[in-house]
Amino acid sequence: MRDLHLITTEVNGTQHELVVESRRTLADMLREDLGLTGTHLGCEHGICGACTVLLDGEPVRACLVFGVQADGKQVRTVEDLADGEQLSPLQQAFSKHHALQCGFCTPGFLMLAESYLASRPAADKTEIREVVASNLCRCTGYQGIVDAIHEVATAQQAGPVQP
Amino acid sequence: MTTTGTRAQSLPSTYVGARVGRKEDRRLLRGEGRFGHDVQRPRMLHARVVRSGIAHGRLVSIDATEAKQLPGVVDVVTGADLPRPLRIPVRLKVQDVDLTEYLQPILPTEEVRYVGEPIAVVLAEDAYVAEDAAELVVVDIDELPVVLDTTGPADDVTIAADFTMSYGRVADAFDAADHITSLTFDIGRHSAVPMEPRTLVADPVGPGELEIFGSTKVPVFNRRVLAEMLGLDDERIRMHAVDAGGGFGVRGEFYPEDFLIPWLALRNRRPVSWAEDRQEHLVSVNHSRQQRHRLSVALKKNGEILGLRADVIQDNGAYARTHGIIVPELTIAMLPGPYRVPAYHARARVALSHKTPCGTYRGPGRFEGTAAREQLLDKAAAELGIDRVELRRTNLLVPTELPHARELGTLGTDMVIDEGDFPGLFQAALDRATRLGWPDAVTAGRRDGRVMGLGVAMFMEKSGLGPYESADAEMTRTGRVRVYSGGTSLGQGIETALAQIAADVIPVGIDRIDVVNGDTAEQPFGTGSWASRSTVVAGNAVRAACQEVADRLIELAGRLLEAPPDELLLDDTGVRHKTDAGKRCSYSELSAAAGPASPHLRPDEQPGLRRRARFTVDHMTYPYGAHIALVEIDPGTGNVQVHGYLVVYEVGVAVNPTLIEGQLYGGMAQGIGGALLEEFRYDDAGQPQSATFMDYLLPTACEVPRLDVLVLADHPARTNPLGVRGAGEGGLTAAGGCLASAVRDALGSLPGVRPDITRLPITPAEILARIGSGTPATDRPG
Ligand code: FES
Ligand code: FES
């Protein structure tokens, strides 16, 4: 009686064909079916943001999206941020500013910031704090997270190719 | 990062004290951390716990017939299926209190005592099916009356423990007093609420052999408890170290699931995975904090404290859990804090109720006691007409009075407050706040009609609890150093801190030091990470183990190079002669020379380059600090906005200042949560009202202001060779006291408003009620 669907989805640049039950969350599909355990589940009710991934570039709560909704779409997870051994600017800034302790919330914050900075490259600290407030972290007091994202925003602003 | 050989044998050195980047970061940032629930095993089953939906009642029947028929369900067990009635023992027994009859059963067979109590477990091929099946388990419970208020008349409340601590002549002090200030101060139920819920994977790798992932905090103790319950040797169970998404006291204690999951794995001969969801977490993990404190202080006219009385009632919930009574114990032991209190009497009672049982949460007993005491001092200052800063200054112990043996014991050790400079630190904090412009901001704000206030609070912490910790160190064939410690990694950066300590003894460079924490096969005596003790006790054990390996390397090199040990030293790739540059041997040569077939070994000599060391300590060390906060109250909504928060903390020696600051920042945010937002509430039937993140409010980046810290390392602890004091809790300890003080100060600026704070969290409703009663003209909504 399981309600199964065959879907095609591109995750971190790789095409996958998957059979998923209609009620299976995107988070479980990523973590268990594809082994991408970087996406974390902190609440499964849409508040903490630990499960944030990008669906066609937009940040979504992977605990509130069904796997079947990724059919025909592109998904990006934390595993896609680094370029081989080279950490992304955001990842480097997080480390530099001690923006993580246990690191459980970190993939969610990184993906949130990744999409936010793409749409708002010159964000200031107040705006960043407001956006960051959509995810929860219990370890860092948010200080390092805000500073890290701000540093990347500042660097982007100084860079030549930003609009 | 590079290092030089000459620093090998002496501290301080390059690494301890340096802002070294964390070894943990790379894997965590790449999504390559390995958390308990990331572990997958072939043929793995999934468990779902059925929990009581009734706060108190008699178990009439549990019918799993329908659940068992669901395709994919493998097993359903209840209390009747357990090998024998099992209860979870207390890990930390103090004050000779026997809690046997209040211990939590693994699964109850007759009575349920709180909503969330496990009563059955379902195992299925798939986690979704397990959850479906759990819904189909029919539980019939006859409801019984509930106890939710432990501070009411004593007849319907069970008191599980009742004990006192005292010294000096308290009655005389109160007789001699010019003034007595009294305060009743309540703290609501909070919990640590780490972002990662609890998880466990248990894999029966052979008959009666288990590997367990996810039990991070006190793995060696938990292994012992589990082994005894299963009737196995400890050595047949291996607890693997995994990453943990925050601990703060609650994760990794022994809960019913810590027996059930391994037992089900053995019973079904298949790996079992369990992860609680957030709703379960909020009703089943240890709660903490809920206490009523009745305090009186006897004072001279000039504000000098003559004596202090305390009466504390802890609402411990339904059962005694692994921490036993240490929260109220620490509350009354630490209540006098950094002050000169010549006479003291305290009583603590541990009361049971039909709520989730309690354990520790970061700063246990100190957050509570500090909040109550600091508010008492604010109130006393106001009543005496003395400035609250002056009142504190008058009573803080001064450096010449330290070390100060207080005639108290806690956690089984005597209290000897080690050296420090409390007034000096207090002044540093006040100066910093002035430089930040906070007093001026309050003055200017009030001039503009804004309701603003400044909070001050002093605190004393404790850390470095013994009695021991052990560690192994070894030099590998490729010249890396492996360190195995009994500490566990909960996100605090212990891997990096221990590597720093090791790198100062064996100078191969921190990138070539690997730290393995909390693996019971590698470190069977480790006592785990809790109570801000890891850096102190594990750090010193690691230092000693590395020293033994270093000595061993020198000794072996002496044989190879035919040189006396005192002419040799370690550098980044091997051992060399101090003056004769040609004389050296590499670490890989030394590794070979230590091999079992080596001609360089004496016949009776143990091969290898691994050494185990133990660090023991009699007394704790007492770090201390001050909190200052700038707040503004919105008179329309009753909301308290924290504009600035400062912590000044003395840590003895800062192994890695960045990590310490991070610990403080995190603690400050949790403190803001505890003081203003977080609370587990219940309705009259004992139904939890805070079972999602919509109701249990954690602070977000918008409630937490820009934080400011000043880490002082002016008074190294004499209790340990590294001189370190724990730094895990000081960001939180005085937050309740400081924010209560700030809100009191702000409310006090309004005419006719009763400013004393008597309860945490301080809610907008409470503030509105105060403002409403004080200034009837306000146009508050509703
Ligand atoms: S797990 Fe998805 S928002 Fe918390
Ligand atoms: S780093 Fe632990 S929850 Fe954010």
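Derivation of every value follows stated rules applied to the coordinates shown; laboratory data play no part. Computed from a predicted structure; not experimentally measured. Reconstructed Cβ throughout: ideal geometry from the backbone, glycine too, with neighbour counts over all protein chains shown.
Relative to the dominant Cα principal axis of chain A, helix A:143-158 is inclined by about 80°. Coupling constants for region B:622-634 follow from the phi torsions by the Karplus curve (6.51 cos²θ - 1.76 cosθ + 1.60, θ = phi - 60°), and in residue order they are 10, x, 8, x, 9, 10, 9, 9, 10, 10, 9, 9, 8 Hz; glycine and proline get x.
When the Cα centres of region B:413-434 and region B:536-590 are compared, how far apart do they sit, in Å? Between the Cα centres of region B:413-434 and region B:536-590 lies a distance of 41 Å.
Straight-line cross-link partners of B:K300 among the lysines, defined as a Cα under 18 Å from its Cα and at least 8 positions apart when in the same chain: B:K379. As a proxy for reagent exposure, A:H98, B:H619 were ordered by neighbouring Cβ count within 10 angstrom, fewest first; the result is B:H619, A:H98. Karplus-derived 3J(HN,Hα) values for region B:74-80, using 6.51 cos²θ - 1.76 cosθ + 1.60 with θ = phi - 60°, are 10, 7, 9, 10, 10, x, 5 Hz; glycine and proline are entered as x. Among residues other than B:R27 with Cβ under 12 Å from its Cβ, the summed charge is -2 (Lys and Arg +1, Asp and Glu -1). Mean partner shielding of peptide A:104-116, defined as the number of other chain Cβ atoms within 10 Å of each residue Cβ, is 3. Contact order, relative form, for region B:670-782: 29 percent (alpha carbon pairs under 8 Å, 6 or more residues apart, mean separation divided by residue count).
Anisotropy class assigned to chain A is prolate, per the alpha carbon gyration tensor with a/c at or over the 1.5 cut-off and a/b larger than b/c.
Over 16 Å apart: what share of the alpha carbon pairs of region B:316-412 falls there, rounded to a whole percent? Counting pairs separated by more than 16 Å, the tail of P(r) holds 64 percent. When both region B:197-219 and region B:629-652 are represented by their alpha-carbon centers, they are found 42 Å apart.
Tally the DSSP beta bridges in the protein assembly as shown and give the antiparallel ones as a percent, rounded to 5.
Around 80 percent antiparallel, to the nearest 5.
Under conditions of 4 °C and 1.567 mPa s, chain B yields 47 µm² s⁻¹ as its translational diffusion coefficient, taking Rh as the Kirkwood radius over Cα pairs in the Stokes-Einstein equation.
Under a no-solvent Debye model with one identical scatterer per Cα of the protein assembly as shown, what's log10 I(q)/I(0) at q = 0.05 Å⁻¹? For the protein assembly as shown, the Cα-only Debye profile gives -0.30. With K and R counted +1 and D and E -1, the other residues having a Cβ less than 12 Å from that of B:Q689 yield a net charge of -1.
By the scheme Lys and Arg +1, Asp and Glu -1, what is the net charge of all other residues having a beta-carbon under 12 Å from that of A:P59? Overall, the nearby charge balance is -1. The trypsin sites (Lys or Arg not before Pro) found in region B:21-77 that occupy coil by DSSP, while having at most 11 further C-beta atoms within 10 Å, are B:R43. The C-alpha atoms of chain A define a longest principal axis, and helix A:106-119 lies at about 70 degrees to it.
As a size descriptor, the averaged projected area of the C-alpha convex hull of region B:359-456 was calculated at 8.9 nm².
The value of relative contact order for region B:33-154, using C-alpha pairs under 8 Å at least six residues apart, is 46 percent. Across region B:271-287, coupling constants 3J(HN,Hα) worked out from phi with the 6.51/-1.76/1.60 Karplus curve, θ = phi - 60°, read x, 10, 10, 9, 9, 6, 8, 5, 5, 4, 3, 5, 10, 10, 6, 3, 7 Hz, and Gly and Pro carry x. Its relative contact order, with pairs defined as Cα atoms under 8 Å and 6+ residues apart, puts chain B at 16 percent. The calculated 222 nm mean residue ellipticity attributable to helices in the protein assembly as shown amounts to -8000 deg cm²/dmol, summing -39500 (n - 2.57) over DSSP H runs of n ≥ 4 and dividing by all residues. Region B:295-331 and region B:353-382 have Cα centres separated by 8 Å.
If only the Cβ of Lys and Arg carry +1 and only the Cβ of Asp and Glu carry -1, the dipole of region B:629-782 around its Cα centre is close to 280 debye.
Which percentage, to the nearest 5, of the DSSP beta bridges contained in region B:631-754 is antiparallel? Of all bridge pairs located within region B:631-754, approximately 40 percent are antiparallel.
DSSP beta bridges fully contained in chain B are about 75 percent antiparallel.
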